[in-house]
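**Student:** Sharing a structure below in structure tokens format, with a few things to ask.
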Ligand SMILES: Cc1cc2nc3c(=O)[nH]c(=O)nc-3n(C[C@H](O)[C@H](O)[C@H](O)COP(=O)(O)OP(=O)(O)OC[C@H]3O[C@@H](n4cnc5c(N)ncnc54)[C@H](O)[C@@H]3O)c2cc1C
């Protein structure tokens with residue numbers, strides 16, 4: 001069972017660690033070994049952690065031509081390696097790179113690919129059962145790939161928890177020959193332009209404050225940001241809020257954005273459309289503020305605040321600011337208690 005490892009120059013991406021834990025568990029049930037494939041320039045230093053997180057072997061392909069993602073380099077290299085070694089399963093993160101690369105490799109190999117999976121398990125006869133959203137997240141379906149090999153899936157970041165690294169585990173590192181020439185690459189990376197992002201990544205945040213169309217304006221969205229700041233939360237947004245330019249795309253939660261599972265998700269002016277909910281339904285506690293008592297988001301909310309954000313948000317920010325001045329922090333429970341004590345609030349559980 002193979003895991004294609006997403007990484008930056010000096011860090012393994014969380015989704016790769018999540019996949020390694022999952023692969024370890026599935027491979028043990030099938031009696032397979034776990035091979036991690038690490039492509040990059042001078043990335044061998046990442047191999048020990050990959051071993052500790054579940055891989056038996058790391059295939060290490062290093063070349064300056066693999067320093068930045070280039071489909072012209074990565075696609076043939078991986079397709080050839082898979083053709084030669086014939087793994088039965090290949091798992092990828094549903095990251096920008098995984099979403100681009102996995103279908104290219106699948107097409108070259110003539111096999112299938114279940115993309116954007118939220119769950120991967122095994123059937124009774126040992127086939128990979130790949131669960132993915134369909135019809136815009138209104139339903140999910142189980143996909144199996146009974147004949148073509150390898151069975152391939154991309155898994156959404158945050159869909160499964162990462163296992164704790166086991167320092168006693170060590171992977172065997174196998175160098176892979178890279179015979180690439182720069183002449184064979186039709187694409188050339190000119191420049192990487194970093195989109196400025198606030199410190200907290202939504203997929204890793206424990207607490208998220210999200211704003212939707214109901215926030216009403218850029219100024220309204222600043223209140224969402226202030227609330228996030230006061231609670232040490234990451235800011236997220238629904239698609240209309242991103243489309244309006246109030247938040248960058250990397251903050252979008254939902255079917256065409258990120259999947260998150262924080263301890264607390266505070267949804268401000270978000271109706272709870274399926275396309276959004278599919279990305280946050282695994283949050284441990286959901287607080288929703290909405291003026292429409294019949295908004296679908298209330299069906300999954302633990303604390304409902306039926307009220308106008310233009311009143312609720314400034315007053316909540318003010319109360320939390322006072323709390324923070326008095327105690328130094330505003331913990332989740334205080335946020336929940338403050339919300340539940342607001343005049344418009346109805347606590348459902
Ligand atoms: C293929 C596809 C992919 C999509 N992917 C995503 C995705 O990844 N993420 C996503 O979010 N959406 C996605 N969408 C869009 C999705 O279907 C919804 O349109 C969107 O989630 C609605 O966003 P919203 O809740 O912010 O806005 P709305 O549905 O317009 O809801 C606004 C809410 O704010 C409330 N409100 C308004 N004013 C106030 C006020 N003053 N005080 C309190 N409450 C107020 C309203 O009662 C309403 O419930 C996708 C759609 C498609 C077709």
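The values are calculated or read from the model by the stated rules, or taken from the named source; none is laboratory data. Worth saying up front: this structure is predicted, and the values here are computed from it rather than measured. Cβ sites come from the backbone with ideal geometry, for glycine too, and all protein chains shown count toward neighbours.
**Student:** Considering only segment 296-321, state which residues are crowded, with 20+ Cβ neighbours inside 10 Å and under 26 Å from the mean Cα position of the chain (by Cα).
**Tutor:** 297, 298, 301, 303
**Student:** Out of the residues in segment 206-237 meeting the condition of being away from the ligand (no atom under 14 Å from the Cβ) and over 19 Å from residue 321 (Cα atoms), tell me which one is surrounded by the fewest Cβ atoms within 10 Å (Cβ to Cβ).
**Tutor:** 218
**Student:** Across segment 145-172, what is the total count of residues that are farther than 21 Å from residue 52 by Cβ and without any contact (Cβ under 8 Å) to a residue 12 or more places away in the chain?
**Tutor:** Of the residues in segment 145-172, 1 are farther than 21 Å from residue 52 by Cβ and without any contact (Cβ under 8 Å) to a residue 12 or more places away in the chain.
**Student:** Is there a residue being in a loop (DSSP other than H, G, I, E, B), more than 9 Å from the ligand (Cβ to nearest atom) and at positive phi anywhere in segment 262-280?
**Tutor:** Looking through segment 262-280, none of the residues is in a loop (DSSP other than H, G, I, E, B), more than 9 Å from the ligand (Cβ to nearest atom) and at positive phi.
**Student:** Is it the case, given these coordinates, that residue 245 is more than 7 Å from the ligand (Cβ to nearest atom), over 24 Å from the mean Cα position of the chain (by Cα), at pLDDT 90 or above and surrounded by fewer than 22 Cβ atoms within 10 Å (Cβ to Cβ)? Don't jump to the end; show me each part of the working.
**Tutor:** Details: more than 7 Å from the ligand (Cβ to nearest atom): yes; over 24 Å from the mean Cα position of the chain (by Cα): no; at pLDDT 90 or above: yes; surrounded by fewer than 22 Cβ atoms within 10 Å (Cβ to Cβ): yes.
The answer is no for residue 245.
**Student:** Considering only residues that are more than 25 Å from residue 261 (Cα to Cα) and either in a helix (DSSP H, G or I) or touching a residue at least 40 places away in the same chain (Cβ under 8 Å) (or both), which ones fall in segment 294-311? Quick ask: steps written out before the conclusion?
**Tutor:** Taking segment 294-311 first, the residues more than 25 Å from residue 261 (Cα to Cα) are 307-308, 310-311.
310, 311 - these are the residues of segment 294-311 that are more than 25 Å from residue 261 (Cα to Cα) and either in a helix (DSSP H, G or I) or touching a residue at least 40 places away in the same chain (Cβ under 8 Å) (or both).
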